[in-house]
Amino acid sequence: MGQEGGGASGRGRCRWPAGLGDEDGLPVASLGALGPWRQGMADSAQAQELVYLVTGGCGFLGEHVVRMLLQREPRLRELRVFDLHLGPWLEELKTGPVQVTAIQGDVTQAHEVAAAVAGAHVVIHTAGLVDVFGRASPETIREVNVQGTQNVIEACVQNGTRFLVYTSSMEVVGPNIKGQPFYRGNEDTPYEAAHRHPYPCSKALAERLVLEANGRKVRGGLPLVTCALRPTGIYGEGHQIMKDFYHQGLRLGGRLLRAIPASVEHGRVYVGNVAWMHVLVARELEHRAALMGGQVYFCYDHSPYKSYEDFNMEFLGPCGLRLVGTHPLLPYWLLLLLATLNALLQWLLRPLLLYAPLLNPYTLAVANTTFSVSTDKARRHFGYEPLFSWEESRARTIHWMQAGEGSTQ
Ligand SMILES: NC(=O)C1=CN([C@@H]2O[C@H](COP(=O)(O)OP(=O)(O)OC[C@H]3O[C@@H](n4cnc5c(N)ncnc54)[C@H](O)[C@@H]3O)[C@@H](O)[C@H]2O)C=CC1
Ligand SMILES: CC(C)CCC[C@@H](C)[C@H]1CC[C@H]2[C@@H]3[C@H](O)CC4=CC(=O)CC[C@]4(C)[C@H]3CC[C@]12C
């Protein structure tokens, strides 16, 4: 169980306030050419027998996983989409050959999760609270990301569901609190995964729960097979932060001011390829349980290695924005001061309003620290190749940016 080798493990130094469960006190169970997205490409020669559940299926990544499953999993009979907020786009999927069941529910409610999991063969757990801006409290982040994941695991065990794929994050590994670079590392690269921020802490704890649940006996006596996927920064159709930068650039007269040195590499991966990895893993877990069970895989594709801002310009440039400066226009100490002021303001204003700007000491540290991956573990273990080339990923993202608001379509 666990990873190959003893590398970047994601076992950080996360601590939660007393009573909420900390690292030691957690309630650990036991210890391309795809063409338009549409349903109906399933090979009718194969029996449609499987029931899949996607938690967080209406989120940025979740929607892509849902659509990818409908398109690329020929054995699908029923697809359950579980989310706190259901998207109207689900309606259009209900007319296809696969039964699409929309379930409005909350992963923190064990009984709701158990009901959704009952009878499912595979669970893809993408639901999570993605908050590095201080919008939610640390307790809420823990409740959704850690307790929610524990509820999913227990529901699988109770219901006899054998295959669980968890969407983890690169943040489980780093950048760490020391700001050490992780340059084109892989799943076995040694790295001290030490975190303080609630989001990476919660993802690390949840990932650990999922990996440790691998091999638990589910109802009926067969072993649970789990694995975790760790995307780097995901981009593509539906990426809200990209839109935020676009609007910020428009407000500044079509310009964005460089804040991060161009030499800092930040790993990025196209959402369609991340979704494809989830679909492949879910399919292959059954056949390669001994190899893949309890494993972690970074999500990767052929997206170029660039700084966060330079990478964004691949899409924002064609939308008419310009990144000003070859070097950061403000010195790092001044940015850190502004980020700290933002954090202070957030704290002072909290009783009155929610002030949650993109720049805070944590986001500055993440954007300013090299963290990129170079690995072929997914190819070796389950034959993953990116479905979308860099050119296609870029073109699709630009097309979505230019088309304006709305769904990922
Ligand atoms: N966006 C990124 O760059 C990365 C995201 N991830 C992970 O990927 C997963 C999906 O992230 P995104 O699609 O970016 O976020 P998102 O916020 O777009 O999607 C998350 C979905 O989970 C749902 N959700 C939240 N709380 C819930 C609850 N209590 N019960 C049921 N559903 C709930 C939300 O309604 C949303 O639809 C998350 O687990 C995140 O940690 C990992 C690496 C990078
Ligand atoms: C000028 C500022 C300093 C620029 C701020 C950019 C930030 C908002 C983003 C820089 C890096 C992003 C994070 C990174 O891609 C890794 C992530 C993984 C996840 O699992 C969730 C999202 C995120 C934390 C992502 C969030 C935005 C950034 C911090």
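The values are calculated or read from the model by the stated rules, or taken from the named source; none is laboratory data. For clarity, every value in this text was computed on a predicted model and none was experimentally measured. When we count neighbours, we look across all protein chains shown, and the Cβ atoms used for this are built from the backbone with ideal geometry, even at glycine.
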Scanning segment 212-256 for residues that are among the charged types (D, E, K, R) and either touching a Leu at 6+ places or on another chain (Cβ under 8 Å) or under 17 Å from residue 321 (Cα atoms) (or both) gives 212, 216, 217, 243, 244, 251, 255
Across (1) surrounded by fewer than 18 Cβ atoms within 10 Å (Cβ to Cβ); (2) under 18 Å from the mean Cα position of the chain (by Cα), residue 190 clears everything bar (2)
In the set 47, 42, the lone residue that is more than 28 Å from residue 377 (Cα to Cα) and at pLDDT below 95 is 47
Against the condition in a loop (DSSP other than H, G, I, E, B) and either among the hydroxyl-bearing types (Ser, Thr, Tyr) or modelled with pLDDT under 95 (or both), how does residue 29 come out, does it pass? yes
Heads up, the helices (runs of 4 or more DSSP H) in segment 304-368 (entirely inside) with at least 1 residues that are under 21 Å from the mean Cα position of the chain (by Cα) are 308-316, 361-367
The correct count of residues that are touching a Phe, Trp or Tyr at 6+ places or on another chain (Cβ under 8 Å) and among the aliphatic types (A, V, I, L, M) in segment 206-222 is 2
The lone condition residue 177 fails out of (1) part of a loop (DSSP other than H, G, I, E, B); (2) away from ligand 1 (no atom under 11 Å from the Cβ); (3) modelled with pLDDT of 95 or more is (3)
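Got a sec? Which of 369, 397 is surrounded by 12 or more Cβ atoms within 10 Å (Cβ to Cβ), farther than 20 Å from residue 68 by Cβ and within 16 Å of ligand 2 (Cβ to nearest atom)?
The unique qualifying residue is 369.
Are any residues in segment 180-218 closer than 24 Å to residue 289 by Cα and more than 16 Å from ligand 1 (Cβ to nearest atom), and if so, which ones?
Hits for segment 180-218 are 186, 188, 189, 212, 213, 214, 215, 216, 217, 218.
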Log entry, pairs with first residue in segment 266-291 being within 13 Å of residue 226 (Cα to Cα) and modelled with pLDDT of 95 or more, second being part of a helix (DSSP H, G or I) and within 16 Å of ligand 2 (Cβ to nearest atom), beta carbons closer than 6 Å, six or more apart or on different chains, reads 278/65
Those residues of segment 128-182 which are within 16 Å of ligand 2 (Cβ to nearest atom), surrounded by fewer than 20 Cβ atoms within 10 Å (Cβ to Cβ) and of a type in the set (Lys, Arg) amount to 135
**OP:** With the condition kept exactly as written, say whether any residue in segment 258-273 is among the aromatic types (Phe, Trp, Tyr), surrounded by 15 or more Cβ atoms within 10 Å (Cβ to Cβ) and not in a strand (DSSP E or B).
**Re:** no
In the set 371, 388, the lone residue that is more than 16 Å from ligand 1 (Cβ to nearest atom) and at pLDDT 95 or above is 388
Checked segment 100-122 for anything within 20 Å of residue 275 (Cα to Cα) and out of contact with any Phe, Trp or Tyr (no Cβ under 6 Å at 6 or more places or on another chain); matches are 100, 101, 102, 120, 121
Within segment 262-312, the residues that are touching a strand residue (DSSP E or B) at 6+ places or on another chain (Cβ under 9 Å) and among the hydroxyl-bearing types (Ser, Thr, Tyr) are 270, 297, 300, 303, 305, 307, 308
Scanning segment 219-235 for residues that are crowded, with 21+ Cβ neighbours inside 10 Å and more than 10 Å from ligand 1 (Cβ to nearest atom), the one farthest from residue 317 (Cα to Cα) turns out to be 224
Filtering helices (runs of 4 or more DSSP H) wholly in segment 59-173 for at least 1 residues that are at pLDDT 95 or above and among the hydroxyl-bearing types (Ser, Thr, Tyr) gives 138-142, 148-159
Subset of segment 274-295, residues of a type in the set (D, E, K, R) and part of a helix (DSSP H, G or I), comes to 283, 284
Those residues of segment 369-379 which are touching a strand residue (DSSP E or B) at 6+ places or on another chain (Cβ under 6 Å) and outside any loop (DSSP other than H, G, I, E, B) amount to 371, 372, 373, 377, 378
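Based on this model, can you work out whether residue 341 counts as over 13 Å from residue 259 (Cα atoms) and at pLDDT 95 or above?
So residue 341 fits the description; yes.
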